[in-house]
Amino acid sequence: MSPLILHCADSQLTVSPFGAQALSWQVAGQERLWLSLDADLDGHHPIRGGVPLCFPWFGKADQRPSHGFARTRLWQVAEQSQTDDHAHLVLSLEHDADTEALWPHPFRAEMAFTLKANALQLALTVTNPGLAPLSYTAALHSYLGTDVAQLRITELAGLPYHDKLANADCLFEDGPDAALPPIPVDAIVPGLSNCRLAQGNDILEIDNQGHDAAVIWNPGPDHGIGDVHFGGEQAFICIESAHALTPITLAPGQRHTLRQTLTVDA
Ligand code: TA6
């Protein structure tokens, strides 16, 4: 279960087959993802940080694991290739007796990672191999490294969102002094496709596709989450490409791809 490492030019991606989870993405030596110092890497529990996959459901579910089982399953290598301008890896997961005990549906999931010199493309494709419709929700739950004290995602200004903390529909503040987002935050933002994390001249572009919402999450300092190391919440914001508002329903043989592309502006 050793991590898989991809290289392209000056960038490096580390992926855990457990959960098909990106753990580290470095561009010119600078880490772009956040991984908790207290992350549990024993291959039994969700790994806190990187890009966990939420599938076949997003969020909590009675008696079943939060965010589904994809992040706690061992995925298989389905494809691996390398050219001058990108490295490509596809991991796959199919239904079996264990997944059917939690979710009685046939499925095939493929998680593709494409690493370019200054970009990382993430794509979760789910195919319905069965004879009945298949419905699911999903997210690419990216933990992006940032200094929360300086964080300001201007694309959120004035947008409507569902506040999971308050269980209320709200609007993000607008205006020059708006805290965007206020921390702690657990916001489902319908339709948001593009935003950027900017710190001085350093800009990370986030582009979501095949989603119905972006989810913005940071638990704030009083989180009490055992595997977020002390003070760790100051160094990340989750910006997720999610299909969380309504389920995706696939007819037999149909497939859907949920994407997120992260680009470091040169
Ligand atoms: O995507 C935001 C969220 O669903 C939050 O509600 C929060 O609980 C977070 O994910 C982390 O969930 P986890 O199950 O990984 O602790």
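With a cut-off of at most 12 other beta carbons within 10 Å, and DSSP calling the residue loop, which trypsin sites (Lys or Arg not before Pro) in region 1-77 qualify? Please list them. For trypsin sites (Lys or Arg not before Pro) across region 1-77 that sit outside H, G, I, E and B with at most 12 neighbouring Cβ atoms in 10 Å, the list reads K60. Taken about its Cα centre, the chain carries a charge dipole of about 540 debye when Lys and Arg each add +1 at the Cβ and Asp and Glu each add -1 at the Cβ. For region 94-215, the spread of Cα coordinates along the three principal axes comes to 53, 41, 21 Å, biggest extent given first.
Hull volume per residue, based on the alpha-carbon atoms of region 158-255 and their convex hull, is 149 Å³. Indicate the gyration tensor shape class of region 32-150 (rounded, prolate or oblate), computed on the Cα atoms with a ≥ b ≥ c the square roots of the eigenvalues: a/c under 1.5 is rounded; otherwise a/b larger than b/c is prolate and the rest oblate. Oblate is the answer for region 32-150, as a/c is 1.5 or above yet b/c matches or exceeds a/b. Per residue, the chain reaches -500 deg cm²/dmol at 222 nm when only DSSP H runs of four or more residues are counted, each adding -39500 (n - 2.57). For the chain, averaging the sequence separation of C-alpha pairs within contact (under 8 Å, six or more residues apart) and dividing by the residue count gives a relative contact order of 19 percent. At an R0 of 25 angstrom, the distance between the Cβ atoms of R108 and Q82 translates into a FRET efficiency of 0.55.
Taking chymotrypsin sites (Phe, Trp or Tyr not before Pro) across region 184-266, the ones in a DSSP loop with at most 12 further Cβ atoms lying within 10 angstrom of their Cβ are F230. Across the chain, counting alpha-carbon atoms alone, Rg and Dmax equal 17.8, 54 Å.
No value in this document is a laboratory result; all are computed from the given coordinates. Quick caveat: nothing in here was measured; it's all calculated off a predicted structure. In this analysis, Cβ positions are derived from the backbone assuming ideal geometry, glycine residues included, and neighbour counts consider all displayed protein chains.
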